[in-house]
Structures are given as structure tokens and as C-alpha cells.
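Written below as C-alpha cells is the structure these notes are about.
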Amino acid sequence: MRVPVIAGNWKMNPTSASEATSLALAVRDAADGLAGVTAVICPPTIWLSDVQRAVGAGRVHLGAQTMAADERGAFTGETSPLMLRGLAEFVIIGHSERRQYDGETDESVGRKVASAVAHGLRPIAAVGERAEERRSGATSHVIDRQVRAALAGLERLAGTGLVVAYEPVWAIGTGDAASGPDAQAVAVQIRAILAEIDPEAADEIPIQYGGSCTPENAAAYFAQPDIDGALVGGASLKADAFAAILHAAVDAPRHA
Ligand code: PEP
């Protein structure tokens, strides 16, 4: 049975360590005692140490929002996977905002996913089509290209801790969420690609939905047989809303 993974992508919020630790503590309290779900928060890298100290080891797992593929070198402003070890368990790779604003490419996403795995970090590989790609009927082509590229550096999937997040770009931060069945159709496509790469492990990999996921619509995704959690932006900045999404995942049927 796959355990759903609910990951909060805080993006460039909050802007102070004290607000970050307060939010993390509120999420930790909300997640306390919840079994059958993996709760992850991904604060800005600069707050990871503060948040880790505040929440301690427990039910809330920590993730980074991106990382460099390389261990060291002349990469101004970047964070090495070596720096994340011991601080983050997960790392989001290839978020559409990184692709749009920071020059992330299919190729760099593949390198980073492989590097994360090599350094014992669990990559949350984000894929998704833009609005114009959806309009032109290119969704399945884009998903195929992005998923294969993201996983190109992995010889197998078993034991990698991989999570794949399907995040249609047009749904991120817009309130215009995908329908449960539409998200499920893409998740089926993603799982079929996973099965080509590693037939034994494909059914173990959590596939998340992301894009305007809220307490109101979360259950519609978690009821889908191939969706195992969510990557949550805006709603992850409110502990109550994030907690409600965690509860929706706990209450949803388990998928094998
Ligand atoms: C995201 O940034 O990954 C995301 C899904 O954002 P939101 O939930 O705000 O749409």
C-alpha cells in the first residue's frame, strides 16, 4: 500500500525565521498523532536549520525547494546536496517556477533527480503542462517528455524514495484546479512510464497532484487510485488548511 505524501511548498514565504518556526510548529502540532500519511514541509532553504531545530524529529518531515546537481564549485547562490544532507529528507526538483524563472530544463531536472538520489535525498520530481500546451492537446506529449527526462539518470526506481508530482502549470496558484479524473488520467500515464523503467517498483512510487489543492477539493484527488498525496503551495502556508488536507489523505482509501 502506498502511503500518501502531502508536501507543503512554502516558496519564498515566510520572510522571517520566527514566522517560519511558528508555522512549522503549528503544522507539527496538527500532524501529531496522524498515522498513514507522510507530512512534509519545504521552507525556504535559509530557514531549514531554524525549522529543524524547532520541530525536532517527529511526524513532520523536511524538504528543500530545489538544489544544485553538483556537490561543490562556482555556482553562486546555489545549495549543494551535501549541504542538505541531515537537514532535509526530501527535495522538490523541477518545479514549474524554477523552470520558468530560473532556467531549469528537462536535462537539469534529470541531473538533479539523480544527484538527489545519489545523496540520499528523496526527490519530488515535478512535471506538468502549461496552459497553451493543454489547449493545443499536447499534455500527454509534455508529460512523457518531462517524466522520461526527470528519470533519465536513474537505473532503477526501487529504493530511490522517488515521488512524482503532477502539477499542471495553469492550476498553480490560480484557483483553477484540475478535476480529479483529469489528474488521475495523467497519473496513469506517469505510472505507465514508471513501469517501463522499473516494473517491480512502479506501484510503490507515490504520485502527487499539485495545483490549487485545498481542503475543499483534496478528497477528490485522494480518491483517485493513482494519486497518493499532494504538493501544496498556498494552502500550506495556513496550518489549519494544511492540516485539513492531511486529514483528507488519512481518510482516503489506500492505493496499492
Ligand atoms: C505549487 O506551487 O507547487 C502549488 C501547487 O501551488 P498552489 O497550491 O498554490 O497552486
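Expressed in Å, the radius of gyration and Dmax of the Cα atoms of region 186-256 are 13.0, 39.
The equivalent ellipsoid that matches the C-alpha gyration tensor of region 5-251 spans semi-axes of 25, 22, 17 angstrom, in descending order. Each Lys and Arg contributes +1 and each Asp and Glu -1, all at the Cβ; summed about the Cα centre of region 9-100, the dipole is approximately 80 debye. Kirkwood-type hydrodynamic radius, region 118-204: 13.6 Å, calculated from all non-identical alpha-carbon pairs.
The amide H of Phe90, built 1.01 Å from its N in the peptide plane, has Leu62, Gly63, Ala64, Arg122 as neighbours under 5 Å, considering only residues 5 or more places off or on other chains. A Förster radius of 30 Å, combined with the Cβ-Cβ distance separating Ala118 from Ser49, puts the computed FRET efficiency at roughly 0.85. Scoring 222-229, 123-130, 100-107, 176-183 by mean Cβ neighbours within 10 Å over their residues and listing the highest first yields 123-130, 222-229, 176-183, 100-107. Mean residue ellipticity at 222 nm, helices only, the chain: -11500 deg cm²/dmol; runs of at least 4 DSSP H residues each add -39,500 (n - 2.57), and the sum is divided by the number of residues.
Read-outs: derived from the displayed coordinates by stated rules, not from any lab. None of these values were measured; they are calculated from a predicted model. Heads up, the Cβs are rebuilt from the backbone with ideal geometry, glycines too, and the neighbour counts pull from every protein chain shown.
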